[in-house]
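Note sheet for the following structure.
The values are calculated or read from the model by the stated rules, or taken from the named source; none is laboratory data. Every value quoted in this text rests on a predicted model; they were computed, and no experiment measured them. Positions of Cβ are generated from backbone atoms using ideal geometry, with glycine treated the same way; all protein chains shown enter the neighbour counts. All accessible areas refer to the heavy atoms of the entire protein, side chains included, with ligands and DNA or RNA removed. Shrake-Rupley method; radii C 1.70, N 1.55, O 1.52, S 1.80 Å.
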Amino acid sequence: MYSQTQIAIPILQKNKDKVIDVAKDCISKGADILEFRIDGLKNPQ
């Protein structure tokens, strides 16, 4: 038995505020899973 396909989107932004905007946009477009890439942040503090 196979499960339904899900869409995973990696989020790789330099600005932490932009991460939220991109995440909201991806969710509104149907993303099932978001991968937050902290290694892309310029200042992850």
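One residue stands out among those in the range 1-14 that are of a type in the set (A, V, I, L, M) and under 10 Å from the mean Cα position of the chain (by Cα): the one that is least open to solvent (accessible area, probe 1.4 Å), which is Ile11.
Return the pair list, or none, for Cβ contacts closer than 8 Å from residues in the range 23-45 that are within 13 Å of Gln6 (Cβ to Cβ) and in a loop (DSSP other than H, G, I, E, B) to residues that are open to solvent by less than 80 Å² (accessible area, probe 1.4 Å) and not charged (D, E, K, R), at least 6 apart or on different chains. Taking only residues 6 or more apart or on different chains, the pairs are Ala31/Ala8; Ala31/Ile9; Asp32/Ala8. Scanning the range 15-40 for residues that are of a type in the set (D, E, K, R), open to solvent by 100 Å² or more (accessible area, probe 1.4 Å) and modelled with pLDDT of 90 or more yields Lys24, Lys29.
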